[in-house]
């Protein structure tokens with residue numbers, strides 16, 4: 001959509017950042033960043049993970065203070081500190097809606113709209129005023145929901161829209177939407193777009209964070225591309241080529257010597273056929289062979305984690321089947337899949353992958369305690385021996401096997417999270433973001449570990465949002481987009497550029513206008 005027609009006088013930015021530098025523990029998150037957005041403009045903010053998008057947003061909301069540079073909102077410098085800075089930004093009209101919604105499920109829409117700032121009359125909550133103002137905010141976005149409705153009764157799209165409606169209260173000047181459609185089906189996305197268009201028509205500036213180029217082209221006027229703490233370009237989205245945007249986001253050519261050399265895989269171990277899990281997955285089919293590393297690429301909300309959970313027996317698909325070793329295991333429980341040789345590392349190591357206060361040893365053997373017991377009691381000798389074997393095999397750096405795992409670096413923690421399934425003898429490993437939050441050296445070590453495990457005959461599904469690492473570890477990569485497999489790439493023809501383009505745009509044209517020769521188009 002076109003931006004509002006310019007007036008005779010240049011429109012002054014509603015929000016601006018000048019020369020901003022922000023460092024975290026020696027890492028430069030933002031480096032001399034200049035940024036400005038004007039009333040009635042929808043600005044897409046693009047960049048791979050770690051590019052600096054979240055830090056830039058936190059400067060605008062007042063959640064962070066730049067080490068150098070200035071932030072200006074509505075012509076006023078953001079000059080407070082701590083919580084006062086956040087309050088100042090809010091008073092100047094900044095609102096934000098994050099991917100992880102902050103609504104309280106068990107209270108009404110109206111109560112959620114006024115959390116922490118409930119209107120009162122004669123010392124008691126003024127429910128009538130809350131309902132009136134809530135209905136007005138909802139109707140401004142084209143929503144006609146009963147303000148008394150409990151949040152738990154709403155659909156995911158309605159919850160997202162309620163969160164956006166809450167952000168519009170109090171005449172905002174700048175609304176920041178961080179991946180607002182990542183958990184929504186295609187039909188629900190248009191409701192969010194309609195809300196964005198209404199705000200734009202009222203002169204509200206919007207920053208729209210997303211990787212979905214189809215959405216961005218439909219809703220944004222301009223786009224700022226970030227890489228390594230810099231804004232490398234701000235451009236008219238209508239004139240921007242997707243390939244050029246991808247190159248700006250990546251900023252480097254791949255090193256061919258880092259890519260996987262394919263080898264012959266064994267017999268089919270896992271077969272997934274026509275699996276659907278509405279609204280996240282639609283008609284997913286693929287095979288995984290013995291000794292193969294299969295990557296799953298896709299943007300946030302594309303259905304990657306849900307697919308792993310269905311294979312693992314943690315979720316039940318609406319349709320389709322899953323077979324292991326030719327045996328139909330559709331609907332098998334998590335416990336049943338573990339007995340069949342499955343192991344899975346969770347997306348969040350901190351929340352779901354480790355017990356921080358327990359030792360490396362206890363975290364390692366928890367997947368098969370029976371192998372280190374004697375007459376039903378854990379044997380300290382057997383536990384120590386089993387743990388030493390995994391520590392050595394996984395190249396874990398730790399003073400003792402009894403050292404609390406929470407004191408280790410992220411990379412060493414992650415090696416143990418993977419190693420516990422090696423200890424258990426798992427032959428099918430589902431790895432969800434296995435290198436998240438680890439340093440460069442540890443990542444390379446984890447890649448080598450995964451390739452070695454595959455060479456020993458284990459079959460591995462590797463899910464990662466860091467697309468550039470997939471060509472370094474995978475024999476094949478499936479690209480998920482909007483719940484469907486849209487491309488399949490095979491080593492050595494796996495290109496970071498092509499993976500990124502397929503993920504955000506769903507098509508991989510070559511210079512002659514044909515599809516990439518190593519991709520199989522499922523559209």
Residues of the range 125-160 being part of a helix (DSSP H, G or I), touching a helix residue (DSSP H, G or I) at 6+ places or on another chain (Cβ under 6 Å) and either within 13 Å of residue 192 (Cα to Cα) or not assigned by TED's automatic domain parsing to the domain that holds residue 101 (or both), which ones?
138, 157
For the range 158-173, how many residues meet the condition of being buried (at least 20 other Cβ atoms within 10 Å of the Cβ), modelled with pLDDT under 85 and more than 22 Å from the chain's Cα centre (by Cα)?
1
Is the range 341-359 home to any residue that is part of a helix (DSSP H, G or I), over 20 Å from residue 433 (Cβ atoms) and either touching a helix residue (DSSP H, G or I) at 6+ places or on another chain (Cβ under 6 Å) or at pLDDT 90 or above (or both)?
no
Only one of (1) out of contact with any strand residue (DSSP E or B) (no Cβ under 9 Å at 6 or more places or on another chain); (2) in a loop (DSSP other than H, G, I, E, B); (3) at pLDDT below 90 does not apply to residue 83, and that is (2)
Against the definition (in a loop (DSSP other than H, G, I, E, B), surrounded by 16 or more Cβ atoms within 10 Å (Cβ to Cβ) and within 28 Å of the chain's Cα centre (by Cα)), how does residue 401 come out, yes or no?
no
Considering residues of the range 103-124 that are in a loop (DSSP other than H, G, I, E, B) and touching a helix residue (DSSP H, G or I) at 6+ places or on another chain (Cβ under 8 Å) only, the residue surrounded by the fewest Cβ atoms within 10 Å (Cβ to Cβ)
106
Which residue is nearest to the chain's Cα centre (by Cα), if the candidates are limited to the range 125-154 and must be free of Cβ contacts under 8 Å to residues at least 24 places away in the same chain and loosely packed, with under 12 Cβ neighbours inside 10 Å?
144
Residues that are over 22 Å from the mean Cα position of the chain (by Cα) and at pLDDT below 95, at least 2 per element: which strands (runs of 3 or more DSSP E) completely within the range 215-283 meet that?
230-236
Of (1) more than 23 Å from the chain's Cα centre (by Cα); (2) closer than 19 Å to residue 220 by Cα; (3) not in a strand (DSSP E or B), residue 65 satisfies all except one. Which?
(2)
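The values are calculated or read from the model by the stated rules, or taken from the named source; none is laboratory data. Just so it is clear, the structure is predicted and the values come from calculations on it, not from any experiment. Neighbour counts run over all protein chains shown; Cβ positions are idealised from the backbone, glycine included.
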